[in-house]
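Worksheet: the structure to be examined is printed underneath.
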Amino acid sequence: MLSKYEVVIGLEVHVQLTTDTKIFCGCSTRFGSDPNSQTCPVCLGLPGALPVLNRRAVENAIKTGLATHCTIAPRSIFARKNYFYPDLPKGYQISQFELPVCEHGHLEIETEEGGPKTIGITRAHLEEDAGKLIHGDTPDTTGHSFVDLNRACTPLLEIVSEPDMRSSDEAIAYLKKLHQIVIYLGVCDGNMEQGSFRCDANISVRPWGQKELGTRAELKNINSFRFIKQAIEYEVERQVELIEEGGKVVQETRLFDSATGITRSMRGKEEAHDYRYFPDPDLVPLVISEEWIEKVRKTLPELPAAKLERFVREYGIPRYDAEVLTADRAMAEFYDRCVALHGDGKTCSNWVMGDLQRRLNDEGVSISESPISPEMLVGVLKRIDDNTISGKIAKTVFDEMWSSRKDADTIIEEKGLKQVTDTGAIEAIIDEILAANQGQVEEYRGGKEKVFGFFVGQVMKASRGKANPAAVNELLKNKLKA
C-alpha cells in the first residue's frame, strides 16, 4: 500500500542561538534558572518597553546562512506574528516574514542509495522564542498549568527547507548535517533535550507521478532524531491508510506522543494570513552591508565536509575514519593536533577512535573534558616508535595516564616499563622457556607451527610484557631451527 505513494517532507528547524542575552533585551539566556527569574519589561511585553536587536544574534544568523549557501539579505524586516497563547506574553511574536535575513540556500546529504542529494533551504529568519508551559504532574498541581517566561525572547533562527525529502532517512540525514554545522559554527549548542535544536516536520503523500502536492500535516516541536524518524513514519502510514479507506487528509498541526509512538491532532493548521503579519513599528529594518558579511565570513571555521575531505586527502586515512573524526568539531581538532605533532594520520586515528574514544564513552565525558591532551597521547606514540615500549605496554601507559594525568615518559620511568631490547637478556629468557617446554619444542619442529604462539606468550609473560616483540619473534625462530 505504501509503495503506491510518494512521501514529501519539508522541515522547519528552530535553532536557539548562543548569545549571552536575549534577542531584544539584556536578560540572560542561561538554561536552568528559577522560573521567571530572567525576565524584564521588554520580554514580558509591558507597555512602553522597546526592543533593541542583539548584534551577536544577527552575526550568528549570517554565519549559518553562509555555511548553508544562502544569500544574505542586505535589508530585512522584523514583523509581528499575532496569536494568543499563555506562553506568549506580548500576544504576538517578533519574527520575520516577507523579508528574512537568509534565503535560497541548500545542503547536500548522502541518500540511502549511497548517492548525494541536494536539499533546498527556502529561508532562515530570526525570531524570538515563546515561554514554556509546565503542566502539573504532582498530586498538588494536577489539573494546573504554569508559565515560565525565562525562555521568552530567546533568539531563534528558524531554517525552513524545501519539500525535497522523500523518506524519514533523508529527513534525518538533513537534520544531522544541519545539527553538525550549527555546532561547528558555535552558533548553537545543539542540545535537543533542552530544546536548543528542535524540528517541525511537514508531511504529505501523493500517488506516484502526481505533480500536485498532497495535503500536509505539521508535526510540532520534536526534540530527538529517533522520535522525528518515528513520527514521520507513523504519520506517513496514517495518511496512506486514511486515503486508501476513502478519507481525506486534513491540513492540521499534530503532536507526536513518544510514549505511544503515534501522532494526534492538536489544532487546525494556520495560514500566514491567520497571523495578521505586519512590520514591527518598534524595530527599524535590519541593514547588513557587504563589509559586515565579509567580516563574518572570515570568522567561519573549516566546516565538516571540507575537513572530512582534507583528512582523507592529506592524512591518507579511510573515509570511514574521517567521517567518525569529523562528526564532532572538538574531536576533529584533537585529531588534527595529534597528526601535527606525530605525523602518521592512520596511527593517530587508530588511537583517537580506539582507546581514547572507548575511554571517553566508558567515563561518559566529551573530548573537551578528556584528561589526556593531544601532546600526552602523542608522547605515548613516540615511545612506541622509538621502541621504548611495545604496543601492549602502551595501553598500560595510556590507562595510567588517564588516571594520574602524568605524561608518558614519567609513567614509563616510575613503573619501570621500558621495553627490553637487549638481545642477550631476551635470549636468556627464551633458553629457559625452551628448556622447560621440550615437548612443545618437538611438536613445533615436527611441523605444528601453531605452537610458536605459545612460546611468544611465555616469553612475554616472563618479561612482564617488556621484551621487544620483534626481537622475540626473530630470536625464537632462530632458536627453534637449531
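We did not get these values from a lab; they are worked out from the coordinates using the rules stated. Please read these numbers as outputs of a predicted model, since none were measured by experiment. Every residue, glycine among them, receives a Cβ derived from its backbone with ideal geometry; neighbour counts consider all protein chains shown.
How much of the DSSP beta bridge set in the range 153-312 is antiparallel, as a percent to the nearest 5? Could the numbers behind the result be given before it?
Values: 10 of 13 bridges.
If we restrict to bridges inside the range 153-312, about 75 percent are antiparallel.
Over the residues of the chain, the helix contribution to mean residue ellipticity at 222 nm works out to -12000 deg cm²/dmol, using -39500 (n - 2.57) for each DSSP H run of at least 4.
Selection among 39, 175, 332 by position relative to the dipole of the chain gives 332 as farthest towards the positive end (Cβ unit charges, Cα centre). The lysines whose alpha-carbon is closer than 26 Å to the alpha-carbon of residue 298, local same-chain residues fewer than 8 away aside, are 22, 63, 176, 177, 307.
With r defined as the distance between the Cβ atoms of residue 368 and residue 438 and R0 fixed at 56 Å, what FRET efficiency is calculated, to the nearest 0.05? Kindly include the intermediate steps, with their values, before the conclusion.
Numbers: r = 57 Å, r/R0 = 1.01.
It comes out at approximately 0.50.
DSSP beta bridges fully contained in the chain are about 95 percent antiparallel. Each label was represented as a point 7 Å from its Cα along the Cα-to-Cβ direction; for residue 405 and residue 330 these points are 1.6 nm apart.
Potential lengthening of the chain between residue 111 and residue 250 amounts to 47.1 nm, from the contour at 0.36 nm per residue minus the alpha-carbon distance.
To the nearest 20 Debye, how big is the dipole of the range 232-314 about its Cα centre, given +1 on the beta carbon of each Lys and Arg and -1 on that of each Asp and Glu? The partial results should precede the final answer.
Working: 13 positive and 19 negative charges, 60 e Å.
I would put it at about 280 debye.
For the chain, the Cys residues with no second cysteine's beta carbon closer than 4.7 Å are 25, 27, 40, 188, 199. Among 20-33, 403-416, the peptide with the highest mean count of other Cβ atoms within 10 Å heads the list, and the full ranking is 20-33, 403-416. Considering only 215, 366, 61, the residue lying farthest towards the positive end of the dipole of the chain is 366, judged by Cα position with unit charges set on Cβ. Here the gap between residue 297 and residue 242, fully extended at 0.36 nm per residue and compared with their Cα-Cα distance, gives a gain of 15.0 nm. Charge dipole of the range 304-415 (Cα centre as origin; +1 on each Lys and Arg Cβ, -1 on each Asp and Glu Cβ, all else neutral): 240 debye, rounded to the nearest 20. Mean sequence separation of contacting Cα pairs (under 8 Å, at least six apart), scaled by the length of the chain, corresponds to a relative contact order of 14 percent. When you restrict to C-alpha pairs under 8 Å that are six or more residues apart and normalise by the size of the range 304-415, the relative contact order lands at 20 percent.
State to the nearest 20 debye the size of the charge dipole of the chain about its Cα centre, where the only charges are +1 on K and R beta carbons and -1 on D and E beta carbons.
520 debye
Taking the average, over residues, of other Cβ atoms within 10 Å as the packing measure, peptides 303-310, 208-215, 118-125 rank 118-125, 303-310, 208-215 from highest down.
Ordering 125, 351, 102 by Cα displacement along the dipole of the chain toward the positive end leaves 351 in first place; charges were set at the Cβ atoms of Lys, Arg (+1) and Asp, Glu (-1). When both the range 67-100 and the range 316-357 are represented by their alpha-carbon centers, they are found 41 Å apart. The peptide list 383-394, 144-155, put in order of mean Cβ contacts within 10 Å with the highest first, becomes 144-155, 383-394.
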